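S.K.: Got a structure for you, questions after.
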Amino acid sequence: MKSKAGLFTQSCLLVFQGLSLQKQAAVFPAYDREKSQKLSPKGFGIMSEIDALKAQLESLQSEALAAFSAAGDSAALQQLRVHYLGKKGALTEVLKGVGKLPPQERPVIGQHVNLAKATLSAALDECEAELALKGKAARIEAERLDVTLPGRNKSPGALHPVQQGLDEITAIFAQMGFAVAEGPEIEDEFHNFDALNIPPEHPARAMHDTFFLKELTHGDDAEPMLLRTHTSPVQIRTMKRFLAENGEPPLAVVAPGRVYRCDYDVTHSPMFHQVEVFKVDRDVSMAHLKGVLKHFLSTYFEKDVGIRLRPHYFPFTEPSAEVDISCVFCAGKGCRICKGSGWIEVLGSGMIHPNVLRSVGVDSSEFSGFAFGLGVERLVMLKQGIPDLRLFFENDVRFLRRMGVSK
Amino acid sequence: MKIPFSWLKTYVSLTATPAQIADDLVRLGHEVEAVELPRAAVKGVRVGLITSKMPHPDADKLSLLKVEIGEAEALDIVCGASNMGEGDKVPVATIGTSLPGGLVIKKGKIRGEVSCGMCCSEVELGLADESAGLLILPADAPVGAEVGEYLALEEAVFDLSITPNRGDCMNARGIARDLAADAGLPFTDVTPAAVAIDAAVATPSVTVTAAQDCPVYMARAINGISLADSPEWMQAALIMAGMRPVNGVVDVLNYVMLTMGQPMHAFDADKLSGDIAIRAAASGEAFAALDGRELKLHAGDLVVCDDSSVIALAGIMGSEPSGVSDVTTNIVLESAFFRPARVSETRRTYAMVSEASMRFERGVDPLMVATAMGQATAMIIDLFGGSAGEIAVCGDATAINADRTVLCSLSRLESRLGVEIPQATDEVLARMGFTLSRQGDALEVTVPSFRHDVSIPEDLSEEYARVIGFDAIPTLLPPLATTAPAKTDRSIHDAVAGGFLQVVTYAFISAGEQRLFVADDGLDIALANPISDAMSVMRRSVWPGLLNTAKRNLNRQQPGVALAEQGRTYVRSDRGHDEENVLAWLMTGEVESDQWYGHARAADFFDLKGAVDGWLALRGLSGRFIADDSILGLQAGQSAKIMVGRVEAGRIGRVDADLADQFDIDAPVFVAEINLDLLPTGKQAKFVPLAEFPGVERDLVFLFDRGAASDAILNAIRSAGGKLLTEARIFDLYDGKGVPEGKVSLGIRFTLQDGKRTLTQADSDAASSAIIAAMDKRFGAALR
Ligand SMILES: [Zn+2]
């Protein structure tokens, strides 16, 4: 058996080397002839024709089965299928011998041949399936990876933490029905101060540490232009535009942007970001201001934060209030960051001063409004635990990557 | 402003703790920055009676004391001082006490003798900077008592931040009045002691020509004072309140200002010549200020003058020569009301701040002008002798802020606050000096002269809110309107999605940095008062900020950076100025690091170009990159303008190597910018049926002259390829071995497709021939 299988394998190799189908056909018949001579009952002269044919079939079948199980791949199996079961295959050769049999014996041997055909065909299918399984298993093993190696990836980008804060804050107000507005950073004194009830001699004007621009003026009086010290001028510009288009309130606006103060130390940056929020309508009250603040601050800090309003002074609001939140670090118990008070100042707010409403032509006896301005850096520092304002403008990429991780 | 608790107690009997008072102050709108406890550290120091004093057997300068502190046994104490004797009472720091200087008292032996405590000097108790010996306490001090309690050394100091509208609270009296009104406690005003007028002392001659800026001016001469240092209690009080003792007269005036709120000034009468005049300064008039500055005044500044010179910038600062010195014996005191806006403007012009100007700016109580004059005169005469003349008075203080009545509707106030205003709050306001009457919904309020800040109904709403307490106002969400969601600007988000880190740099850069990428065309906008030269010009390019950021990060051992910034640039224009919304990128150094799957790779032009292309594609746009050698600061041959449609929307390129070197960057640096304002809105994608018939792909390889632009080649291929050509790209670029000098081999792959049929060999042959002909005609390029 072994030698036969070996011989057969060799001839198979020959077949493969032959590459073309015609060549394969040329090889097999030669081999067949040799074998059938060997097995020819004439050569022995002992058995009856039918027995000799049966023996030939049996021998062919066992030879084929052995060859099948020895086949190394599905291509080899395919060759074997052709060799034994094909139109000019070994079984067909056997059937040629049927002619020599008496007619009554012919169906008997036909049955044998068919049986052998079915057996071999089933065996071939089985071997083929087995080979496919083996082949797949081998391929899988060969393609096994170290899945713990790092992925092929470009380092991801990151939004600046201030941008994330701006996006979050603006989105909360937008969801509450506030329309988003913007305004110029280079402003005139009217929009930055006068219209906001800060006349030239007002002490609050000095507290704004204003950057003025060289040889850039506005209007007939050649008023100097400046870098806006807060986002409140957007209040004026937006109200004027809105009233020109719509005649009268209500309007509710959120205005994010960059602002500038001539102040530069550990806790002050000459450029920072504010968001101005205001609403003007009939019967807007301080209670509404508290409601909006509470909703905003609790949403932003993702917890129910306590808020405290302290009376304060801003020229553009009356009454004015500084807004504290219960310390997010110690839950109001008192710690280093809140200086033991349990409260942290987060923004300034108030009811819009009637002079401000008047400056844009709103009748303050009919309409009222609230406004507040919040410092984005401050809120982001509190939320993300960033200890130093300067980190925002140093732009150390390690900081940016770390803070760019979004939840 | 610092106010010692004990000062408040002279006006109102407050029994609450400093912490409780601080809370009340906050609720009333006076921000408490800190409650300082300057003398809280003397616990354990007790009044001791020296019952015996013996010399130390082994040390000449030491004494052995037996000191009674009210306990069973007297203490043995070794003491190095010499100013005490038997029967004296001294402060004794008992064992375990820690003194202000940090010394902790322990039982010990000094030169072999046991010492169970320490007798203290003022220095050791933190009461003085120097002292001659032990602090000898009064004979009636109770033995054993805590010295801190006995001397009332325990003190709290409120550090307050008074808002600019509350000039009336820039002093102890005003704060005390608010606290008393709030707590319902009686307010005891301090009345100055009567002063005997000496008819021999001439009344100063005063004329006010600028009455609008100076509605009230009072002056009084005091002659023959013996100027000395102010008493220790006053100096200690001034120090606690944050002021430095100067000399007796100045200290008294500061004390009066801090307690009563009226700033005053004293001139050395012997240094004045002639009469006093309060007038507007002449332009260019000289003034030698007390702080050493020589000013050239502006017309309109309010000044106090004698016949020869300006002796004070009214309400802000006196002159150096006319000031009170150690040798002064005759003085002229000034007490006045200067118009707040005048003082504010002048002191800002000269960037001067003084305790006086801070108060005048906020508005002092006109009725205190005379009271303070009386109080200061009485204290000066009491402390330093001298005799006072009559007060010269110009103007009528009672006319200032007089009879101001506010009429308003209570329901309007309530609607604004969102809370009911109970009748009881009127009583608190009445104690604060307001006169109120309610007639149904109508409210009539008369405002006291010291409340400059109250003039309209909204001001009253704040007064009510303070008294009711902001906490008592409910928290209500207003009815919310819905608005159409605004289109959010995704520019920076999309850049970040491309792998870039967003940075935020300052909008002002140095003048030198401005010139790196923008030629000097006179359109820069510079700051008049920059923080520094490095931050003095409004940027016209974001690139310098990005370069500085790259430099900083590369210095911190980053192998490479990919940065993006969105922000504005600023430039002069016909409209005055323009602010342009810009998105900028920078890439330098490694874009890929050494990895198991590949080697490190440095950024090149096409990394950044790809990022910009991708960014444009996300908004439905595509850019044409047109080589441009003339972009300032970028390297010729590696720079291009970015055309989007017909608009030049941006620029891209490699930063000039010498310029990058100025930022200490060796690796090639690539930058790009897009002017977001110029960018057309991309088209919303519209559905197109997907092709059903397969396309045909063909490759052609040509030899081109070096310098042929690939976009021109591809454009030519697109037009030569006809309608069926759906895509053409360069799949190979080679100029190595086998390619003639001056040539470059480009492999071009194009795809033909027809929506209605399967294409044939003939179709692709026809397209190929057309393309080959076009390449030959247009570029002289032959198939390779
Ligand atoms: Zn805390």
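The values are calculated or read from the model by the stated rules, or taken from the named source; none is laboratory data. The structure presented is a predicted model; accordingly, all values stated were derived computationally and were not measured. Every residue, glycine as well, gets a Cβ built from its backbone with ideal geometry; the counts of neighbours run over all protein chains shown. With ligands, DNA and RNA removed, areas are computed over all heavy atoms of the protein, side chains included. Shrake-Rupley method; radii C 1.70, N 1.55, O 1.52, S 1.80 Å.
S.K.: Could you sort B:Arg654, B:Arg778, B:Arg757 by accessible area so the largest value comes first, with the probe set to 1.4 Å?
M.R.: Heavy-atom accessible area, descending, gives B:Arg778, B:Arg757, B:Arg654.
S.K.: Take every Cα-Cα distance within region B:425-530, group them into 10 Å bins from 0 onward, and report for each bin the whole-number percent of pairs it holds.
M.R.: 9, 20, 13, 13, 18, 19, 8, 0
S.K.: Okay, next question. Would you mind calculating the gained length between B:Val647 and B:Ile136 on full extension (0.36 nm times residue separation, minus the Cα-Cα distance), in nm to one decimal?
M.R.: 175.0 nm
S.K.: Still on this model: Share of Cα-Cα pairs in chain A beyond 27 Å, in percent?
M.R.: 67
S.K.: Then there's this: Let me know the charge dipole size of region B:99-204 about its Cα centre in debye, to the nearest 20, where only the beta-carbon of Lys, Arg (+1) and Asp, Glu (-1) is charged.
M.R.: 360
S.K.: Would you mind checking which residues have amide H under 5 Å from B:Ala600's amide H? H placed 1.01 Å from N; only 5 or more apart, or other chain.
M.R.: B:Asp594, B:Gln595
S.K.: What three numbers, in Å, describe the spread of the alpha carbons of region B:425-472 along their principal axes, ordered from the longest?
M.R.: Taking max minus min along each principal axis of the Cα atoms, region B:425-472 gives 29, 27, 20 Å.
S.K.: Sticking with this structure for a sec: Relative to the compact-globule scaling 2.2 N^0.38 Å, provide the ratio for the alpha-carbon radius of gyration of region B:491-678.
M.R.: For region B:491-678, the normalised Cα radius of gyration comes out at 1.01.
S.K.: Another question about this same structure. What FRET efficiency comes out for A:Arg152 versus B:Ala627 if R0 is 35 angstrom and r is the Cβ-Cβ distance? Round to the nearest 0.05.
M.R.: The calculated FRET efficiency here is 0.60.
S.K.: Still on this structure, I have one more. Taking the solvent-accessible surface of protein heavy atoms with a 1.4 Å probe, what is the per residue accessible area of chain B in Å²?
M.R.: It amounts to 45 Å² per residue over chain B.
S.K.: Work out the charge dipole of chain A with +1 on the Cβ of Lys and Arg and -1 on the Cβ of Asp and Glu about the Cα centre, then indicate which of A:Phe372, A:Pro270, A:Cys127 is farthest towards its positive end.
M.R.: A:Cys127
S.K.: According to the square roots a ≥ b ≥ c of the eigenvalues of the Cα gyration tensor, what is the shape class of region B:633-712, taking rounded for a/c under 1.5, prolate for a/b larger than b/c otherwise, and oblate for the remainder?
M.R.: oblate
S.K.: Roughly how large, in nm² to one decimal, is the mean projection of the convex hull of the alpha-carbon atoms in chain B?
M.R.: For chain B, averaging the hull's shadow over all directions gives 57.6 nm².
S.K.: In what sequence, highest mean first, do B:43-55, B:352-364 appear when ranked by Cβ atoms within 10 angstrom?
M.R.: Going from most to least packed, we get B:352-364, B:43-55.
S.K.: Over chain B, calculate the relative contact order: mean separation of alpha carbon pairs under 8 Å at least 6 apart, over the residue count, as a percent.
M.R.: 8
S.K.: With r as the distance between the Cβ atoms of B:Ala128 and B:Asp58 and R0 = 22 Å, compute the FRET efficiency 1/(1 + (r/R0)^6) and round to 0.05.
M.R.: Efficiency for this residue pair is about 0.10.
S.K.: Another question, if that's okay. Applying the Karplus parametrisation 6.51 cos²θ - 1.76 cosθ + 1.60 with θ = phi - 60° to the phi angles of region B:599-612, what ³J(HN,Hα) value in whole Hz is obtained for each residue in order, glycine and proline being reported as x?
M.R.: Each residue's phi maps through the Karplus curve to give 9, 4, 9, 8, 4, 10, 3, 6, 4, 6, 4, x, 5, 5 Hz.
S.K.: Then there's this: Just to be sure I understand the curve: with the Debye formula and one point per C-alpha of the protein assembly as shown, what is log10 I(q)/I(0) at q = 0.04, 0.07, 0.09 Å⁻¹?
M.R.: Values returned for q = 0.04, 0.07, 0.09 Å⁻¹ are -0.43, -0.90, -1.23.
S.K.: Quick one: with all protein chains in place, what share of the accessible area of the protein assembly as shown is carbon or sulfur, to the nearest percent (1.4 Å probe)?
M.R.: Its accessible area is 53 percent carbon and sulfur atoms.
S.K.: Let me ask something else. At 7 Å along Cα-to-Cβ for each site, give me the label-to-label distance between A:Val405 and A:Arg336 in nm.
M.R.: About 2.3 nm, to one decimal.
S.K.: Continuing with this model, one more query. Which whole-Hz couplings ³J(HN,Hα) result when phi for each residue of region B:567-577 is put into the Karplus expression 6.51 cos²θ - 1.76 cosθ + 1.60, θ = phi - 60°, listed in order with x for Gly and Pro?
M.R.: Whole-Hz 3J(HN,Hα) from phi for region B:567-577: x, 9, 10, 10, 8, 5, 8, 4, 6, x, 7.
S.K.: Under the rule a/c < 1.5 gives rounded, and otherwise a/b versus b/c splits prolate from oblate, where does region A:206-265 land using the Cα gyration tensor?
M.R.: oblate
S.K.: Hey, another quick one. Read phi for every residue in region B:424-432 and hand back ³J(HN,Hα) as whole Hz from Karplus 6.51 cos²θ - 1.76 cosθ + 1.60, θ = phi - 60°, with x for Gly and Pro.
M.R.: Ordered by residue, 3J(HN,Hα) equals 4, 5, 4, 5, 5, 4, 5, 5, 7 Hz.
S.K.: To the nearest µm²/s, what D does Stokes-Einstein give for region A:165-256 at 10 °C and 1.306 mPa s, using the Kirkwood radius over alpha carbon pairs as Rh?
M.R.: 109
S.K.: So what's the back-of-envelope 222 nm ellipticity for the protein assembly as shown, counting only DSSP H runs of four-plus at -39500 (n - 2.57) apiece and dividing by all residues, rounded to 500?
M.R.: When only DSSP H runs of four or more count, the value is -10000 deg cm²/dmol.
S.K.: Got the relative contact order for region B:404-472 handy, in percent, Cα pairs under 8 Å and 6 or more residues apart?
M.R.: Once normalised by length, the contact order is 43 percent.
S.K.: Suppose every K and R has +1 on its Cβ and every D and E has -1 on its Cβ; what is the size of the dipole of the protein assembly as shown about the Cα centre, in Debye to the nearest 20?
M.R.: Dipole about the Cα centre, nearest 20: 8000 debye.
S.K.: Report, as a whole number in µm² per second, the diffusion coefficient that Stokes-Einstein gives for region B:206-399 at 37 °C and 0.692 mPa s using the Kirkwood radius over alpha carbon pairs.
M.R.: Rounded to a whole number, D works out at 199 µm²/s.
S.K.: Take each of the peptides B:625-638, B:248-261, average the number of other beta-carbon atoms within 10 Å over its residues, and list them starting from the highest.
M.R.: Answer by packing, highest mean first, reads B:248-261, B:625-638.
S.K.: Run the reach check for A:Lys96 against lysines, Cα to Cα strictly under 20 Å, same-chain hits fewer than 8 apart removed. What comes back?
M.R.: List returned: A:Lys35, A:Lys38, A:Lys42, A:Lys54, A:Lys87, A:Lys88, A:Lys117.
S.K.: What dipole magnitude, in Debye to the nearest 20, does region B:491-678 give about its Cα centre under +1 on Lys/Arg Cβ and -1 on Asp/Glu Cβ?
M.R.: 360
S.K.: Using the Cα atoms as the points, what is the convex hull volume per residue of region B:59-200 in Å³?
M.R.: 255
S.K.: Hey, how many Å between the Cα centroid of region A:111-162 and the Cα centroid of region A:265-302?
M.R.: 61
S.K.: A follow-up question, please. Could you check which residue among A:Asp220, A:Asp209, A:Asp188 shows the biggest mean-square fluctuation in a GNM of chain A with a 10 Å Cα cutoff?
M.R.: With Cα springs under 10 Å in chain A, the top fluctuation among A:Asp220, A:Asp209, A:Asp188 is at A:Asp220.
S.K.: Further question: Sorted from largest down, give the three principal axis spans of the alpha carbons of region A:161-403, whole angstrom values.
M.R.: Result, largest extent first: 50, 44, 31 Å.
S.K.: Can you work out the FRET efficiency for the pair B:Ser437 and B:Glu232, with r the C-beta to C-beta distance and R0 = 30 Å, to the nearest 0.05?
M.R.: With R0 = 30 Å, the Cβ-Cβ based efficiency is 0.05.
S.K.: Dipole of chain A (Lys/Arg Cβ +1, Asp/Glu Cβ -1, origin at the Cα centre): which of A:Ser59, A:Ile344, A:Asn246 lies farthest to the positive side?
M.R.: The Cα lying farthest towards the positive end belongs to A:Ser59.
S.K.: Residues of region B:740-756 with amide nitrogen under 17 Å from the 7 Å Cα-to-Cβ point of B:Val688?
M.R.: B:750-756
S.K.: What residues have an amide H closer than 5 Å to that of B:Glu579, excluding those fewer than 5 places away on the same chain, when H is modeled at 1.01 Å from N in the peptide plane?
M.R.: For B:Glu579, no residues qualify.
S.K.: Now for a different question. Using only alpha carbon pairs under 8 Å that are at least six residues apart, calculate the relative contact order of region B:40-150 and give it in whole percent.
M.R.: 32
S.K.: With 21 Å as the limit, write out which pairs from A:Lys333/A:Lys383; A:Lys240/A:Lys294; B:Lys641/B:Lys723; A:Lys339/B:Lys9 have Cα-Cα distances beyond it, or answer none.
M.R.: Check vs 21 Å cut-off fails for A:Lys240/A:Lys294; B:Lys641/B:Lys723; A:Lys339/B:Lys9.
S.K.: Considering the options B:Tyr570, B:Ser491, B:Gln684, tell which one lies farthest towards the positive end of the dipole of the protein assembly as shown, charges being +1 on Lys and Arg and -1 on Asp and Glu at the Cβ, about the Cα centre.
M.R.: The residue sitting farthest along the positive end of the dipole is B:Gln684.
S.K.: Provide, in order from the shortest bin, the percent of all Cα-Cα pairs of region B:696-783 in each 10 Å bin, continuing until the bin that contains the maximum pair distance.
M.R.: In order of increasing distance, the bins hold 17, 52, 24, 6, 1 percent.
S.K.: A further question on this structure: Can you list the residues, at least 5 places off or on another chain, whose amide H is less than 5 Å from the amide H of B:Ala34, using H built in the peptide plane?
M.R.: Distant-sequence amide H within range of B:Ala34: B:Asp159.
S.K.: What's log10 of I(q)/I(0) for region B:212-263 at q = 0.12, 0.15, 0.21, 0.25 Å⁻¹, Debye sum over Cα points only, no solvent?
M.R.: Once normalised to I(0) and log-transformed, intensities are -0.34, -0.50, -0.82, -0.98.
S.K.: Using a Cα-Cα cut-off of under 17 Å, which aspartates and glutamates could be cross-linked to B:Lys106, ignoring same-chain neighbours fewer than 8 residues away?
M.R.: Leaving aside aspartates and glutamates fewer than 8 places away in the same chain, those within reach of B:Lys106 are B:Asp76, B:Glu124.
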